[in-house]
Amino acid sequence: MGAAIDNAGPVTAREASTLAVTGLHKHFGRVRANDGIDVTFRGGEVHALLGENGAGKSTLIKCLSGVYRPDSGRVEIDGREVTIRDPADSRQCGIAVVHQSSTLISRLTLLENVVLQEGRLGRIRSELADRLVESGNRLGFSIDPRARVENLSVGDLQRAEIARAFMQEAWLVILDEPTAVLAPAERASLFDLFGSLTSQGVGVVFVTHHLAEALSESSRTTVLREGQVVGRLEPGHHVDEADLVRLIVGDDAPHPSVAGITDGGHGSAPHPPAPGDEGDVLVDVREVSGAPLWGRALHDLDLRIHRGEVLGIAGVEGNGQRELSALLTGSWSPASGTVLLDGTPLADYPPPRRSELVGDVPDDHFLATCGELSVWENLALGTFAWQEAPTPGRKARQRRAAGELVEEFDIRTDGVGAPVRQLSGGNRRRVILARELRKHPVLLVATYPTRGLDVRSAEQVRSWVRRLTDQGSSVVYMSTELEEIIEVSDRVAVMVRGRVTGVLTEGITIGAIGNLMLQGT
Amino acid sequence: MRLGSRGRLRLPETVVPVLAIVASLVVLAPLVQIGGAGIAEGYREMFKASFGSMVGVGSWLTSSLPLVLVGLGVALPYRAGLFNVGGEGQLLTGALVGVYIGTAFGGGPGAFMLPLLAAFGAAAALGAVAGWLKARGMHEIVTTIMLNFIAVFSLQFLLRGSFKDPDLPYAASRAVNDGFRLGRFAGDDIPYGIFIAAVVVAAAVYLADYTRLGWRLGLLGQSEAVAVRQGLNLARTRTVAMALGGGLAGVGGAVELLGNQYRIGAHFSPGWGFTAIAVALLARGKMLPVLPFALYFGFLQNGEVRLQAILGIPGNLVLILVAAPVIIVAAVYGFRAYRKTVMVGT
């Protein structure tokens, strides 16, 4: 049963032109992730997939890439039915997939990962290395094939994944939220690449939460909600973002904020006057230098975070954000310099106190949730580690509390007892947000908190952040989305290569931030 | 071709080791046959060895006690993601310290607590060394194996010198004084050590499942990265986990010596420290399941002698019964982990 294709002739790169999915079902317990999906992807076209978190986009992609096997449904390529049992079948069908979370093995180098995937020992490593580098160059990335995956930031990693996927002979390239981690310039070059791929007859399917992106970059759009296709935009249809939002969200409730995010309220963001630098300082970072074992170096970092403010950290991913978040949450102590929280060195707080005071939303959910533990256990992770002993009574209470949090934060799960690994990326992020916000920390360190969240959820997150600062807490808000940073922040610091190149207190515009981003290079 | 829906049987986690044990009994049957005895006869004799009389029950419990305690000593670090292969050395250290105190002093009512506590402390120190070294990048499997050798050869060295009973023609220590012996009850068959084991099991369950420390150990076992972000001090937590594990194993050694053998010889342990690894693996790092699995392996060990003496079947066959379930369980979990990796794609 090795053949992926029922009929003998293999479907190779340029031959195929349509992939049709009909009646695709995939259920996880009671959750109907895909509930009868019909969609057709064509070569030579860019096709955007939209939908809220948990709408079934990633599941659909995983079914097509052989990660999941659908419960039922047909997949046809050029009218011939194919069975995709595993990723190798999918590749043989000419489908290249870039997943949302990395599929690279962290202990190996990029090149070793590629060799593994190619699975042919006859291939010469240097040839593969050249092809990987070349593929990266075509995308406008520079790639070091000998870099170890574990040393890469999420952004580098996804770029590497994209480059790897584009190495394959494929007629259909599927990308799960490829732009979420890319800086604007890189994003533009990705879309250029989409153009050159489609001109060669290659089809591109991409998931995005940026409606503007979907409208401008794709010729067709499919909207999923609760596992079903609820909308199809064909070439020639004319819709605006508001229509799309209605399709995605599925109700007619107004979403005033959506326009604000997606049209990018350049410089006109309605935030209260920023406190001056003489404001009441909660966190004082002084002359921090050094690099954690796993990351890049921070250089002479000086930052003050005032009470009740949102300090935005703008910058391209991998410029020290992960290190800064480890620094501010106390999980890494630098070689030199100090971090004072409320006048006392952060390292002097005993862990229970520190975990009470500082909320931590790291960039990667693997740093904050244990896949094998249940939703409620993950929500109680820090509480049982430091605050209260996990007696049966308290466990029952935490379980009940988890039920309420699941409601409040709209976590889509098959019960609070379900292991977190079954949740979609966006829902895992909500678990982390729910846990950290519930603590009412005096300082919340949020690294890309809205990544992977749909428009409505992202807006929710920003309103939670606002509520926190209204209560006098401070938030460090890191994002690669400049519009988002501008909307949410009182002041904005820009990080480039482990340095803060400037802090904007007023006149926070994309242009001003862009200038500071250029200064460090 | 249509993709049919998959109805995959999902077993509760605790069932897998039990099924593995049943499977191993089936696997052994033909070997017993080859060994020259009937299958039914073989298992009947093994059963009789432990349940045929009060003496049998006593000897079954006696063989099981070290397994229970060392099993906990392996299971607790396992919970924190540490593989304690040093149970044997820790058991031996505890036994040695227990015997030393038991022979050096007179003892009296309640005096047995002293050698038990000292055994816990000494073996905990040995375990802590492995935990401390782990924090400095040396893998605990390597260090605990090396510490086993150190413990074994230290014992042999002592038994050639000052620690040897000069009145004996072979290398063994003096016997523990009556005032420290744990003794037996119910017609001098059932060891009092079972109460000690019960208390220790209860304490281990409490520590692992009802305390913040236990939660932190479990968290570390689940994900080192998450543990660090939650503010755990890896070095300290690992040292504590290995120290507690070592201490529990040490108590196992002391209970055996104070309650059963009284004199320590170079080969006083039939490899409890290693069988305990099988116990802890089948219990999957949970404390309470250690008890039934330890009692089962104790039952096998107790039957081994009888199998050999009465039926003339090589007792080593029983070792297959120890090894086979572990291999089966490892294969099942290994396969699942592989599937999961493939399915999740990370």
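The values are calculated or read from the model by the stated rules, or taken from the named source; none is laboratory data. This structure is a prediction, so every number in the text was calculated from the model and none was measured. Neighbour counts are summed over all protein chains in view; Cβ atoms, including those assigned to glycine, are modelled from backbone coordinates with ideal geometry. Just the protein is used for accessible areas: all its heavy atoms, side chains included, with ligands, DNA and RNA removed. Shrake-Rupley method; radii C 1.70, N 1.55, O 1.52, S 1.80 Å.
Among (1) modelled with pLDDT of 85 or more; (2) buried (at least 20 other Cβ atoms within 10 Å of the Cβ); (3) among the small types (Gly, Ala, Ser), which single condition is A:Gly79 missing?
So A:Gly79 meets the others, but not (2).
To keep it simple, each residue is scored yes or no on (1) within 10 Å of chain A (Cβ to nearest Cβ); (2) farther than 30 Å from A:Ala380 by Cβ; (3) over 23 Å from the mean Cα position of the chain (by Cα).
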| site | (1), (2), (3) |
| --- | --- |
| B:Leu182 | no, yes, no |
| B:Gly187 | no, yes, yes |
| B:Val199 | no, no, no |
| B:Ala204 | no, no, no |
| B:Ser223 | yes, no, yes |
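Working carefully through the options A:Gly51, A:Gly73, A:Gly66, A:Gly43, find the one that is touching a Gly at 6+ places or on another chain (Cβ under 8 Å) and either among the aromatic types (Phe, Trp, Tyr) or surrounded by 21 or more Cβ atoms within 10 Å (Cβ to Cβ) (or both). Full working, then the answer.
Working: A:Gly51 fails: touching a Gly at 6+ places or on another chain (Cβ under 8 Å); A:Gly73 fails: either among the aromatic types (Phe, Trp, Tyr) or surrounded by 21 or more Cβ atoms within 10 Å (Cβ to Cβ) (or both); A:Gly66 fails: touching a Gly at 6+ places or on another chain (Cβ under 8 Å).
Only one candidate passes the filter, namely A:Gly43.
Could you look through the stretch A:343-368, keep only residues that are part of a loop (DSSP other than H, G, I, E, B) and under 28 Å from the mean Cα position of the chain (by Cα), and pick out the one that is farthest from the other protein chains (Cβ to nearest Cβ)?
Just the residues of the stretch A:343-368 that are part of a loop (DSSP other than H, G, I, E, B), to begin with: A:343, A:349-350, A:362-364, A:368.
Now restrict to residues that are under 28 Å from the mean Cα position of the chain (by Cα): A:362-364, A:368.
Numbers: A:Pro362: 6, A:Asp363: 11, A:Asp364: 8, A:Ala368: 6 Å.
That would be A:Asp363.
What number of residues in the stretch B:231-240 are open to solvent by less than 20 Å² (accessible area, probe 1.4 Å) and either at the interface with chain A (Cβ under 9 Å from one of its Cβ atoms) or farther than 29 Å from A:Glu323 by Cα (or both)? Reasoning before the result, please.
First pass over the stretch B:231-240, keeping only residues open to solvent by less than 20 Å² (accessible area, probe 1.4 Å): B:231-232, B:237.
Still in the list and also either at the interface with chain A (Cβ under 9 Å from one of its Cβ atoms) or farther than 29 Å from A:Glu323 by Cα (or both): B:231-232.
Total meeting the criteria: 2.
Just need a number here: residues in the stretch A:72-116 that are in contact with a strand residue (DSSP E or B) (Cβ under 7 Å, 6 or more places away or on another chain), at the interface with another protein chain (Cβ under 10 Å from one of its Cβ atoms) and not in a loop (DSSP other than H, G, I, E, B).
7
Give A:Leu282, A:Leu340, A:Leu303, A:Leu324 a once-over and let me know the one that is in a helix (DSSP H, G or I) and at pLDDT 90 or above. Break it down into steps so the answer makes sense when it comes.
Values: A:Leu282 fails: in a helix (DSSP H, G or I); A:Leu340 fails: in a helix (DSSP H, G or I); A:Leu303 fails: in a helix (DSSP H, G or I).
Sole residue among the options that is in a helix (DSSP H, G or I) and at pLDDT 90 or above: A:Leu324.
Give me the pairs, please: first residue somewhere in the stretch A:99-113 and at pLDDT 80 or above, second residue anywhere and open to solvent by 40 Å² or more (accessible area, probe 1.4 Å) and part of a strand (DSSP E or B), beta-carbon distance under 6 Å, and either six or more positions apart or on two chains.
From the stretch A:99-113, the pairs are A:Thr109/A:Arg148.
Go through the stretch A:15-33 and count every residue that is within 13 Å of chain B (Cβ to nearest Cβ) and modelled with pLDDT of 90 or more.
Residues in the stretch A:15-33 being within 13 Å of chain B (Cβ to nearest Cβ) and modelled with pLDDT of 90 or more: 6 in total.
Within the stretch A:117-128, is there a residue that is within 12 Å of another protein chain (Cβ to nearest Cβ), outside any helix (DSSP H, G or I) and modelled with pLDDT under 90?
No: zero hits.
Restricting attention to the stretch A:299-341, which residues are open to solvent by less than 40 Å² (accessible area, probe 1.4 Å), away from chain B (no Cβ under 14 Å) and among the acidic types (Asp, Glu)?
Those that are open to solvent by less than 40 Å² (accessible area, probe 1.4 Å), away from chain B (no Cβ under 14 Å) and among the acidic types (Asp, Glu): A:Glu309, A:Glu317.
Name the single residue, out of those in the stretch A:418-443 being away from chain B (no Cβ under 14 Å) and part of a helix (DSSP H, G or I), that is most open to solvent (accessible area, probe 1.4 Å).
For the stretch A:418-443, the residue satisfying everything is A:Arg438.
Regarding B:Ala330, is this residue under 27 Å from A:Val420 (Cα atoms) and either within 14 Å of chain A (Cβ to nearest Cβ) or at pLDDT below 75 (or both)?
Numbers: under 27 Å from A:Val420 (Cα atoms): yes; either within 14 Å of chain A (Cβ to nearest Cβ) or at pLDDT below 75 (or both): no.
Against the criterion (under 27 Å from A:Val420 (Cα atoms) and either within 14 Å of chain A (Cβ to nearest Cβ) or at pLDDT below 75 (or both)), B:Ala330 does not qualify.
Which residues, counting only those in the stretch A:162-191, are out of contact with any helix residue (DSSP H, G or I) (no Cβ under 9 Å at 6 or more places or on another chain), of a type outside the set (Phe, Trp, Tyr) and at pLDDT 75 or above?
A:Ala188
Assess whether A:Val500 counts as being assigned to a strand (DSSP E or B), of a type outside the set (D, E, K, R) and open to solvent by less than 10 Å² (accessible area, probe 1.4 Å). Reasoning before the result, please.
Numbers: assigned to a strand (DSSP E or B): yes; of a type outside the set (D, E, K, R): yes; open to solvent by less than 10 Å² (accessible area, probe 1.4 Å): no.
Judged against the criteria, A:Val500 is not a match.
A quick yes/no check of all residues on (1) open to solvent by less than 30 Å² (accessible area, probe 1.4 Å); (2) closer than 28 Å to B:Val199 by Cα:
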| residue | (1), (2) |
| --- | --- |
| B:Phe112 | no, yes |
| B:Ala124 | yes, yes |
| B:Gly127 | yes, yes |
| B:Ala135 | no, no |
| B:Met146 | no, no |
| B:Pro166 | no, no |
| B:Ala171 | no, no |
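Restricting attention to the stretch A:190-208, which residues are under 20 Å from the mean Cα position of the chain (by Cα) and within 19 Å of A:Val39 (Cα to Cα)?
If the condition is that a residue be under 20 Å from the mean Cα position of the chain (by Cα) and within 19 Å of A:Val39 (Cα to Cα), then A:Val204, A:Val205, A:Phe206, A:Val207, A:Thr208 are the ones that fit.
Test A:Gln321 against the criterion of being polar (S, T, N, Q) and over 21 Å from A:Val475 (Cα atoms), and give yes or no. Don't jump to the end; show me each part of the working.
On the way: polar (S, T, N, Q): yes; over 21 Å from A:Val475 (Cα atoms): no.
In short, no.
Does the stretch A:248-266 contain at least one residue that is modelled with pLDDT of 75 or more and not hydroxyl-bearing (Ser, Thr, Tyr)? Let's see the steps before the verdict.
At the first step, the residues of the stretch A:248-266 found to be modelled with pLDDT of 75 or more are A:248.
Subsequent filtering for residues that are not hydroxyl-bearing (Ser, Thr, Tyr) retains A:248.
Yes, the stretch A:248-266 contains a residue that is modelled with pLDDT of 75 or more and not hydroxyl-bearing (Ser, Thr, Tyr).
Determine the pairs where a residue that is farther than 18 Å from A:Gly43 by Cα, located within the stretch A:17-28, has a partner that is crowded, with 20+ Cβ neighbours inside 10 Å and aromatic (Phe, Trp, Tyr) with Cβ atoms under 7 Å apart, the partner being 6 or more residues away or on another chain.
Within 7 Å, the pairs are A:Lys26/A:Tyr68.
Just checking, how many residues over the stretch A:370-396 are at the interface with chain B (Cβ under 7 Å from one of its Cβ atoms) and either of a type in the set (Ser, Thr, Tyr) or over 19 Å from B:Val226 (Cβ atoms) (or both)? Please lay out each step first, then the result.
Of the stretch A:370-396, the ones at the interface with chain B (Cβ under 7 Å from one of its Cβ atoms) are A:370, A:372-373, A:381-382, A:384-386, A:389-391.
Imposing the further condition that a residue be either of a type in the set (Ser, Thr, Tyr) or over 19 Å from B:Val226 (Cβ atoms) (or both) reduces the set to A:389, A:391.
Residues that pass the stated criteria total 2.
Can you confirm whether A:Gly415 is at the interface with another protein chain (Cβ under 10 Å from one of its Cβ atoms), assigned to a loop (DSSP other than H, G, I, E, B), open to solvent by 10 Å² or more (accessible area, probe 1.4 Å) and farther than 25 Å from B:Ala208 by Cα? Spell out how you get there, then give the answer.
Working: at the interface with another protein chain (Cβ under 10 Å from one of its Cβ atoms): no; assigned to a loop (DSSP other than H, G, I, E, B): yes; open to solvent by 10 Å² or more (accessible area, probe 1.4 Å): yes; farther than 25 Å from B:Ala208 by Cα: yes.
No.
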